[in-house]
Amino acid sequence: MRRLGWVMFAATCVLVAAQGIMLAASDYPMLSTEVLVSAAFPLVSIGALIGAAVGALIVSRYPRNAVGWLFCIGQLGSAISLASGAFALLVDQKVIDAPAAGRAAIYADSYFNAIFTAGVLVVIFMIAPDGRLLSRRWRPAVAVPILAWLTHAAVVFAVSVGVYDIPTQAKLSTAYWLEVTGVALLLISLALGSIALWLRLRRSTGERRRQLRWIVASAFFLTVTFITVGATNIALGEEWWPLQVVLHLAYIGVTLSVGVAILRYRLYDIDVILSRAIALGVLAVFVTVGYIGVVVAIGAILSAIGAPGSALYWPSLVATALVAAAFQPVRRHVLRLADQLVYGNRAAPYEALASLGRRLADSPSPEALPARVAEATGRAVGASRTVVRLGEPDGAAPVRSATWSDDKARPATDPARESGTTLELPVLDMGEQIGSIEVSTPPGRELRNFERNLLEDVAAQAGVAFRNALLEAELAGRVRDVETQSVELAASRRRLLGVEDEARERLSAAIRRGVMPHLVAVERTLDESSAEHPETDRSGLENMLESLISETEHALEELRTVCRGVFPALLERRGLIPALSSQLDAANSLALLQVEDSAHRRLDRAAEAAAYQFCIDVAPTDRQSVITLAVENDLLVVTVSAHGSWAAVDATRTSGSDAGGSDVWLHARDRVAALDGEVRVRANGSGNVDAVALIPLGEQTPSVRTPSAVG
């Protein structure tokens with residue numbers, strides 16, 4: 001099926017080439033009215049080739065889209081008509097002696113002439129661009145162009161003449177009225193096709209709306225031209241060649257616009273083409289009317305004074321000079337007028353720049369500034385996409401950025417097809433780049449010189465505003481940082497005071513609970529012995545003294561145990577591992593200490609103290625736990641791992657059952673944070689929960705070997 005489209009395109013090319021060869025072999029010059037207008041060469045031939053190529057491309061990419069097949073069929077029929085007309089011309093001029101073949105060519109030319117081609121285009125209008133009708137109610141509308149062509153075919157079969165070449169004596173005949181009816185049906189179908197396209201345009205958004213702009217513009221132009229040509233030819237009874245040329249151009253425009261709209265979304269910017277089309281049309285009219293007007297005026301003056309000016313060439317020369325002198329000023333005004341009609345405010349870009357200046361004068365916040373600049377810049381130059389970045393290019397990321405698009409409903413497609421050219425301009429302030437403006441144009445459209453100058457002016461004007469926005473953003477960030485630090489410092493101070501008070505109370509309670517009973521017993525024994533036994537024998541004194549010494553030693557041992565939680569002397573003398581092993585043996589027998597080879601050495605004193613306090617405070621005493629010490633990348637990594645929910649995974653409030661509660665947990669975090677460290681709590685793969693302290697190491701002493709694991 002895909003190859004069939006290219007076969008039809010190849011057949012169209014062969015027929016068009018055959019038409020050109022046969023016209024060249026005729027008695028008419030190639031620049032005569034008979035060739036250019038009556039034979040429609042080369043305008044309609046070019047349109048047939050373009051339409052056939054578009055149809056073949058559509059079929060090759062979308063074989064189920066009826067639009068492509070209609071293009072192939074319609075343009076092949078048009079090529080058949082063109083080649084048949086050229087062959088009939090050669091037979092009529094006796095260049096080829098084949099009367100029967102010439103009569104068959106006349107029939108073929110009449111069957112596949114403009115009514116056939118226009119009918120096919122009408123159906124395309126009704127189903128473009130997706131190949132489906134608007135609704136089931138539009139099905140009868142498709143029958144109108146078909147009925148128009150069948151009516152015309154019946155007339156051709158009956159009288160064997162062209163569309164408008166009905167003899168005068170047959171104007172009142174049935175064939176004439178059938179022909180008029182066919183033309184009227186065709187005009188009605190053209191109107192229906194235009195209405196269908198207009199309804200689609202109103203209901204569409206985004207890419208689909210941009211597609212339909214092409215088709216609606218060409219359909220409207222073709223409909224108006226065809227109605228004008230039909231009415232004029234019926235009224236005059238003959239073809240008027242200027243209107244025929246316009247009709248040929250409208251036909252070419254349809255094939256171009258529909259093909260571009262379907263094959264490539266947003267391949268060209270319709271605004272640019274409309275603007276240049278308006279300018280070209282107005283200038284063409286000016287040149288034609290101006291030249292003819294000057295020649296006619298000079299001729300009238302010469303006739304009035306009785307001078308024989310018809311044989312002179314200088315009136316044409318004067319007319320050419322006058323029109324050429326007036327062309328350039330008129331061109332500037334026409335371009336400005338066309339841009340104003342098509343672009344609106346974009347036709348006056350420096351008004352957009354002034355508007356941007358007024359908007360920047362409102363001192364927008366750093367959050368709103370990039371969006372305002374992006375929108376104003378994009379609308380001023382008609383960009384498809386504008387990206388504004390606020391911040392230094394050397395930074396890891398821009399402080400603020402904003403993207404503006406003229407079609408926010410556009411779906412995400414291949415980025416290579418979303419824009420044409422991209423221009424990025426730096427925004428400078430005092431020679432320093434503090435931002436950038438990136439502008440992407442629609443496909444097929446380049447930035448004009450005045451638009452590039454406009455973008456440079458926008459970038460220059462935005463420099464001060466960008467600098468102010470950066471300073472404001474930096475100031476706001478510092479204010480937020482100061483507020484956050486103030487809150488953290490206040491909370492840390494409250495925690496430290498609370499932990500200090502709690503530590504004093506805990507130490508006092510531990511002394512009262514473990515040390516004071518032994519001292520009280522010693523005091524009671526001394527009092528009792530001095531009051532009840534003033535004279536005691538030597539052996540009794542020795543026994544009593546041994547008892548007092550034993551109680552005193554127990555009191556000292558308990559005092560040592562209590563004081564071990566407050567950085568024992570062993571930590572300073574031998575280091576973290578011996579001190580921690582001794583404390584765990586005495587106070588937490590369920591904890592197992594594991595030391596990797598990288599940690600078998602004396603470390604920074606502050607780091608050892610923080611690690612010691614972290615292990616003592618965090619390690620739970622009501623379940624088995626594992627404490628691991630390791631050194632990784634100048635960090636002392638202390639991991640306390642235990643089963644169950646002994647610590648919250650979010651690392652915020654809880655710790656072990658007797659680790660002092662949330663305040664002790666926060667105290668341990670504060671000690672690690674004081675050395676620029678970090679505490680994390682996470683669930684590992686074995687179902688345990690790990691509390692990990694990452695403590696930076698400062699200057700370290702030479703390594704000292706200690707036992708690798710004690711419990």
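Bear in mind that the values in this text are calculations on the coordinates, not laboratory data. If you're wondering where the values come from, they're calculated on a predicted model, not measured in any experiment. Because the Cβ atoms are built from the backbone with ideal geometry, glycine has one as well, and the counts that use them run over all protein chains shown.
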Note to self: How charged is the neighbourhood of residue 56? Take every other residue with its Cβ under 12 Å from the Cβ of residue 56, and add Lys/Arg as +1 and Asp/Glu as -1.
What the structure shows: +3
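To the nearest 0.05, how large is the calculated FRET efficiency for residue 176 and residue 224 if R₀ is 30 Å and r is the Cβ-Cβ distance?
Details: r = 25 Å, r/R0 = 0.84.
Approximately 0.75, to the nearest 0.05.
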Check: For residue 422 and residue 502 in the same chain, what is the full-extension length gain: residue separation times 0.36 nm, less their Cα-Cα distance, in nm?
Finding: 22.2 nm
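Ranked by Cβ crowding within 10 angstrom, fewest neighbours first, how are 333, 152 ordered? Intermediate results must be reported in sequence, preceding the final value.
On the way: 333 10, 152 25.
Neighbour counts put them in this order, fewest first: 333, 152.
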Notebook entry, point to check: Residues with beta-carbon under 9 Å from that of residue 467, excluding residue 467: net charge, scoring Lys, Arg +1 and Asp, Glu -1?
Noted result: -2
Margin query: Out of the GluC sites (Glu not before Pro) in region 202-261, which ones are loop residues according to DSSP with at most 13 other C-beta atoms within 10 Å?
Written below: 238
Next item on the list: Between residue 100 and residue 4, with labels modelled 7 Å along Cα→Cβ, what's the label distance in nm to one decimal, could you check?
Entry: 3.2
Item checked: Distant-in-sequence amide H partners of residue 631 (H built 1.01 Å from N, under 5 Å) -> 598, 599, 637
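Taking 0.36 nm per residue of sequence separation and subtracting the Cα-Cα distance, how much length would be gained by fully extending the chain between residue 482 and residue 136, in nm to one decimal? All intermediate terms of the calculation are to be shown ahead of the outcome.
Values: separation 346, 0.36 × 346 = 124.56 nm, distance 6.82 nm.
Value of the extension gain: 117.7 nm.
To the nearest 0.05, how large is the calculated FRET efficiency for residue 513 and residue 490 if R₀ is 35 Å and r is the Cβ-Cβ distance? Intermediate values should be presented prior to the final figure.
Details: r = 34 Å, r/R0 = 0.98.
Efficiency for this residue pair is about 0.55.
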Checklist line | Rounded to whole Hz, the Karplus (6.51, -1.76, 1.60) HN-Hα couplings of region 628-633, x for glycine and proline | finding: 10, 10, 8, 10, 9, 6
Margin query: Residues of region 110-126 with the amide nitrogen closer than 19 Å to a label point 7 Å from the Cα of residue 232, along Cα-to-Cβ, please.
Written below: 114-115, 118
Check: Residues with amide H under 5 Å of residue 401's amide H, sequence separation 5 or more or different chain, H placed in the peptide plane at 1.01 Å from N; which?
Finding: 390
Checklist line | Computed FRET value (nearest 0.05) for residue 249 with residue 27, which takes r as the C-beta separation and R₀ as 30 Å | finding: 0.65
Notebook entry, point to check: Between region 439-505 and region 36-115, what is the C-alpha centre distance in whole Å?
Noted result: 68
Note to self: If I model a spin label as a point 7 Å beyond the Cα along the Cα-Cβ vector, how far apart are those points for residue 93 and residue 331 in nm?
What the structure shows: 3.8
Margin query: Rg over Rh of region 58-108, using C-alpha atoms and the Kirkwood radius, what does it come to?
Written below: 1.26
